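Remarks on the structure that follows.
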Amino acid sequence: MIKVLFVCLGNICRSPMAEAVFRHLVKERGLDGQIAVDSAGTGSWHVGEPPHEGTRRILNENAIDYSGIRARQVGRRDLAEFDYIIAMDAANLSDLRRMAGPNSAAVIARLLDFVPDREKDDVPDPYYTGNFAEVYDLVRSGCEHLLDTIVRNHQLTPRERT
Ligand code: 4NP
(Lines give C-alpha, C1' and ligand atoms only; values in the text may rest on other atoms or scores of the structure.)
Protein backbone atom coordinates (compact mmCIF):
# COMPACT_ATOMS: atom_id res chain seq x y z
CA MET A 1 0.00 0.00 0.00
CA ILE A 2 1.38 3.41 -0.97
CA LYS A 3 0.56 6.02 1.66
CA VAL A 4 0.02 9.68 0.77
CA LEU A 5 -0.38 12.48 3.35
CA PHE A 6 -1.43 16.03 2.42
CA VAL A 7 -0.33 18.75 4.83
CA CYS A 8 -1.33 22.41 5.27
CA LEU A 9 -1.44 24.77 8.26
CA GLY A 10 -4.89 24.26 9.79
CA ASN A 11 -6.04 21.00 8.09
CA ILE A 12 -9.48 22.50 7.47
CA CYS A 13 -9.16 24.21 4.05
CA ARG A 14 -6.48 23.03 1.59
CA SER A 15 -5.20 19.62 2.73
CA PRO A 16 -8.64 18.09 3.43
CA MET A 17 -9.67 19.35 -0.02
CA ALA A 18 -6.62 17.61 -1.51
CA GLU A 19 -7.36 14.45 0.49
CA ALA A 20 -10.94 14.31 -0.82
CA VAL A 21 -9.97 15.13 -4.44
CA PHE A 22 -7.10 12.62 -4.44
CA ARG A 23 -9.29 9.89 -2.91
CA HIS A 24 -11.86 10.60 -5.65
CA LEU A 25 -9.23 10.33 -8.42
CA VAL A 26 -7.74 7.14 -6.93
CA LYS A 27 -11.19 5.54 -6.92
CA GLU A 28 -12.01 6.82 -10.41
CA ARG A 29 -8.85 5.17 -11.77
CA GLY A 30 -9.56 1.85 -9.99
CA LEU A 31 -6.54 2.23 -7.71
CA ASP A 32 -8.32 2.09 -4.34
CA GLY A 33 -6.76 -0.69 -2.30
CA GLN A 34 -3.32 0.30 -3.63
CA ILE A 35 -3.09 3.90 -2.39
CA ALA A 36 -4.13 5.16 1.07
CA VAL A 37 -4.82 8.89 1.55
CA ASP A 38 -4.88 11.12 4.64
CA SER A 39 -4.29 14.77 5.61
CA ALA A 40 -3.00 16.71 8.61
CA GLY A 41 -2.06 20.25 9.69
CA THR A 42 1.16 21.63 11.09
CA GLY A 43 -0.98 23.62 13.58
CA SER A 44 -3.33 22.23 16.24
CA TRP A 45 -6.03 24.96 16.45
CA HIS A 46 -8.72 23.03 14.55
CA VAL A 47 -8.08 19.43 15.65
CA GLY A 48 -11.29 17.39 15.47
CA GLU A 49 -13.13 19.83 13.19
CA PRO A 50 -14.68 18.94 9.81
CA PRO A 51 -13.44 20.80 6.70
CA HIS A 52 -14.12 24.57 6.46
CA GLU A 53 -17.49 25.57 5.00
CA GLY A 54 -15.78 26.94 1.86
CA THR A 55 -14.02 23.63 1.26
CA ARG A 56 -17.25 21.69 1.85
CA ARG A 57 -19.15 23.94 -0.57
CA ILE A 58 -16.67 23.57 -3.45
CA LEU A 59 -16.40 19.81 -2.91
CA ASN A 60 -20.21 19.52 -2.94
CA GLU A 61 -20.36 21.56 -6.15
CA ASN A 62 -17.93 19.12 -7.76
CA ALA A 63 -19.64 15.99 -6.37
CA ILE A 64 -16.58 14.96 -4.35
CA ASP A 65 -17.17 13.00 -1.16
CA TYR A 66 -15.40 14.22 1.98
CA SER A 67 -17.13 12.06 4.57
CA GLY A 68 -15.12 11.13 7.63
CA ILE A 69 -12.52 13.86 7.26
CA ARG A 70 -11.59 15.53 10.58
CA ALA A 71 -8.62 17.81 11.31
CA ARG A 72 -5.58 16.41 13.07
CA GLN A 73 -2.03 17.60 13.65
CA VAL A 74 0.91 16.06 11.83
CA GLY A 75 3.25 14.09 14.13
CA ARG A 76 6.71 12.63 13.93
CA ARG A 77 5.24 9.16 13.39
CA ASP A 78 3.60 10.38 10.15
CA LEU A 79 7.03 11.22 8.77
CA ALA A 80 8.09 7.58 9.17
CA GLU A 81 4.78 6.06 8.08
CA PHE A 82 3.88 7.89 4.85
CA ASP A 83 5.63 7.44 1.49
CA TYR A 84 4.55 10.80 0.02
CA ILE A 85 4.15 13.81 2.29
CA ILE A 86 2.72 16.63 0.23
CA ALA A 87 2.81 20.22 1.48
CA MET A 88 0.54 22.99 0.21
CA ASP A 89 3.09 25.80 0.54
CA ALA A 90 6.70 26.64 1.30
CA ALA A 91 6.07 27.16 5.02
CA ASN A 92 4.47 23.71 5.42
CA LEU A 93 7.32 22.21 3.39
CA SER A 94 10.03 23.70 5.57
CA ASP A 95 8.20 22.65 8.78
CA LEU A 96 7.93 19.08 7.44
CA ARG A 97 11.57 18.96 6.32
CA ARG A 98 12.64 20.14 9.78
CA MET A 99 10.47 17.47 11.48
CA ALA A 100 11.73 14.73 9.14
CA GLY A 101 15.44 15.33 9.57
CA PRO A 102 18.08 14.15 7.08
CA ASN A 103 17.33 10.41 7.18
CA SER A 104 13.68 10.37 6.10
CA ALA A 105 12.85 7.96 3.27
CA ALA A 106 9.61 9.78 2.40
CA VAL A 107 9.14 11.96 -0.66
CA ILE A 108 8.49 15.39 0.89
CA ALA A 109 7.42 17.91 -1.74
CA ARG A 110 4.96 20.69 -2.55
CA LEU A 111 1.78 19.72 -4.38
CA LEU A 112 2.32 22.15 -7.27
CA ASP A 113 5.88 20.86 -7.81
CA PHE A 114 4.19 18.02 -9.71
CA VAL A 115 2.51 20.39 -12.21
CA PRO A 116 4.91 20.95 -15.15
CA ASP A 117 3.48 24.22 -16.53
CA ARG A 118 2.53 25.76 -13.17
CA GLU A 119 2.03 29.48 -12.64
CA LYS A 120 2.28 29.21 -8.85
CA ASP A 121 4.45 27.16 -6.50
CA ASP A 122 2.23 27.50 -3.42
CA VAL A 123 -1.49 26.81 -3.00
CA PRO A 124 -2.74 30.14 -1.55
CA ASP A 125 -4.47 29.86 1.82
CA PRO A 126 -8.24 30.43 1.31
CA TYR A 127 -8.67 30.89 5.07
CA TYR A 128 -7.26 34.35 4.34
CA THR A 129 -8.03 34.88 0.61
CA GLY A 130 -11.58 33.43 0.65
CA ASN A 131 -10.96 32.12 -2.88
CA PHE A 132 -11.86 28.45 -2.59
CA ALA A 133 -12.55 28.11 -6.34
CA GLU A 134 -8.96 29.05 -7.22
CA VAL A 135 -7.69 26.61 -4.60
CA TYR A 136 -9.89 23.84 -6.00
CA ASP A 137 -8.47 24.30 -9.53
CA LEU A 138 -4.88 24.24 -8.23
CA VAL A 139 -5.51 21.26 -5.93
CA ARG A 140 -7.26 19.32 -8.70
CA SER A 141 -4.42 19.88 -11.16
CA GLY A 142 -1.77 19.08 -8.54
CA CYS A 143 -3.56 15.87 -7.50
CA GLU A 144 -3.92 14.67 -11.10
CA HIS A 145 -0.21 15.17 -11.77
CA LEU A 146 0.82 13.67 -8.42
CA LEU A 147 -1.27 10.58 -9.14
CA ASP A 148 0.30 10.26 -12.62
CA THR A 149 3.73 10.39 -10.96
CA ILE A 150 2.87 7.76 -8.34
CA VAL A 151 1.34 5.44 -10.96
CA ARG A 152 4.49 5.80 -13.06
CA ASN A 153 6.94 5.41 -10.14
CA HIS A 154 5.26 2.27 -8.83
CA GLN A 155 3.93 0.88 -12.13
CA LEU A 156 0.41 0.64 -10.72
CA THR A 157 -2.35 -0.86 -12.83
CA PRO A 158 -6.10 -0.60 -12.17
CA ARG A 159 -7.69 -3.39 -10.21
CA GLU A 160 -9.99 -5.66 -12.26
CA ARG A 161 -13.61 -4.65 -11.74
CA THR A 162 -16.03 -7.51 -11.08
P1 4NP B 1 -5.51 25.64 5.84
O2 4NP B 1 -6.06 27.09 6.22
O3 4NP B 1 -4.07 25.60 6.29
O4 4NP B 1 -5.64 25.56 4.35
O5 4NP B 1 -6.39 24.65 6.57
C6 4NP B 1 -5.99 27.61 7.53
C7 4NP B 1 -6.95 27.30 8.44
C8 4NP B 1 -6.91 27.86 9.70
C9 4NP B 1 -5.87 28.72 10.05
C10 4NP B 1 -4.90 29.01 9.12
C11 4NP B 1 -4.95 28.46 7.86
N12 4NP B 1 -5.82 29.31 11.34
O13 4NP B 1 -4.91 30.12 11.59
O14 4NP B 1 -6.67 29.00 12.19
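The values are calculated or read from the model by the stated rules, or taken from the named source; none is laboratory data. No experiment lies behind these values; they were computed from the predicted model shown. Here Cβ is always computed from backbone atoms with ideal geometry, including for glycine, and neighbour counts include all displayed protein chains. Protein only, heavy atoms only, side chains kept; ligands, DNA and RNA dropped before computing areas. Shrake-Rupley method; radii C 1.70, N 1.55, O 1.52, S 1.80 Å.
Checking each residue in segment 125-144 for being crowded, with 17+ Cβ neighbours inside 10 Å and of a type outside the set (Gly, Ala, Ser) picks out Asp125, Pro126, Tyr127, Phe132, Val135, Tyr136, Leu138, Val139, Arg140, Cys143.
How about segment 45-65: which of its residues are of a type in the set (A, V, I, L, M), without any contact (Cβ under 8 Å) to a residue 40 or more places away in the chain and open to solvent by less than 30 Å² (accessible area, probe 1.4 Å)? I'd like the intermediate steps shown before the answer.
Step one: list which residues in segment 45-65 are of a type in the set (A, V, I, L, M), which gives 47, 58-59, 63-64.
This time we only want the ones that are without any contact (Cβ under 8 Å) to a residue 40 or more places away in the chain, so: 47, 63.
Across segment 45-65, there are no qualifying residues.
For segment 14-34, enumerate the residues that are open to solvent by 10 Å² or more (accessible area, probe 1.4 Å) and either within 14 Å of the ligand (Cβ to nearest atom) or over 14 Å from Ile64 (Cβ atoms) (or both). Correct list: Glu19, Arg29, Asp32, Gly33, Gln34. Of the residues contained in segment 37-44, one or more are found to be open to solvent by less than 60 Å² (accessible area, probe 1.4 Å), free of Cβ contacts under 8 Å to residues at least 40 places away in the same chain, in contact with a helix residue (DSSP H, G or I) (Cβ under 7 Å, 6 or more places away or on another chain) and among the hydroxyl-bearing types (Ser, Thr, Tyr).
Restricting attention to segment 1-13, report how many residues are within 13 Å of the ligand (Cβ to nearest atom), more than 10 Å from Thr55 (Cβ to Cβ) and open to solvent by less than 20 Å² (accessible area, probe 1.4 Å).
Just the residues of segment 1-13 that are within 13 Å of the ligand (Cβ to nearest atom), to begin with: 6-13.
Among the residues that remain, those that are also more than 10 Å from Thr55 (Cβ to Cβ) are: 6-11.
Narrowing further to those that are open to solvent by less than 20 Å² (accessible area, probe 1.4 Å): 6-8, 10-11.
Total satisfying the criteria: 5.
Among the residues in segment 102-109, are any within 16 Å of the ligand (Cβ to nearest atom), surrounded by 18 or more Cβ atoms within 10 Å (Cβ to Cβ) and either farther than 22 Å from Leu25 by Cβ or not small (Gly, Ala, Ser) (or both)? Within segment 102-109 (the criterion being within 16 Å of the ligand (Cβ to nearest atom), surrounded by 18 or more Cβ atoms within 10 Å (Cβ to Cβ) and either farther than 22 Å from Leu25 by Cβ or not small (Gly, Ala, Ser) (or both)), the answer is no, since none of the residues qualifies.
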